[in-house]
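Here is the structure we will look at.
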Amino acid sequence: MSENNIEKFQRERGILNDLVMKYAGLGTKRFYNLDHQVYQEGALPVRTKELLGLVASFVLRCDDCITYHTIRCAEEGVTDAEFEEALSIGLLVGGSIAIPHQRRAFQAWEALKK
């Protein structure tokens, strides 16, 4: 995923989140708020939570979520080695079906480093 694709992803995500919120009822708003709150600093640092989110997304094979958490990991200063180890855990749990998602995650990671 090139830097352009990451910018496009972030722009589209923002537009689509705004659209969802236009129609959102209380349940949807509460869910989005819970999602926001759970990734705040707590007993676990934010960077650890983002790595956990990355691994969970990787195992569930959600490319949008993988991209989002890859971006957040970069923003939180995750190192190459930490990123690779997290994806190794995801690969172990997810199995070979997760390999295409691993490829795209590293593609996004590379684009973010430029």
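Since every read-out is calculated from the coordinates, none of them should be taken as a lab result. None of the values given here were measured: they were computed from a predicted structure. So basically every Cβ, Gly included, is an ideal-geometry build from the backbone, and we count neighbours across all protein chains shown.
Look at Ile89 and say whether it is touching a residue at least 12 places away in the same chain (Cβ under 8 Å), closer than 16 Å to Glu50 by Cβ and either of a type in the set (Asp, Glu) or in a helix (DSSP H, G or I) (or both). Yes, satisfied. Here is a check on your reading of the model: is Thr48 farther than 19 Å from Arg13 by Cα, among the β-branched types (Val, Ile, Thr) and either under 13 Å from the mean Cα position of the chain (by Cα) or buried (at least 16 other Cβ atoms within 10 Å of the Cβ) (or both)? Taking the combined requirement at face value, the residue satisfies it. Test each condition in (1) surrounded by 11 or more Cβ atoms within 10 Å (Cβ to Cβ); (2) not in a helix (DSSP H, G or I) for Gly77 and report the one that comes out false. If we test Gly77 against (1) surrounded by 11 or more Cβ atoms within 10 Å (Cβ to Cβ); (2) not in a helix (DSSP H, G or I), just (1) comes out false. Determine, yes or no, whether Glu41 is loosely packed, with under 14 Cβ neighbours inside 10 Å and assigned to a loop (DSSP other than H, G, I, E, B). The answer is yes for Glu41.
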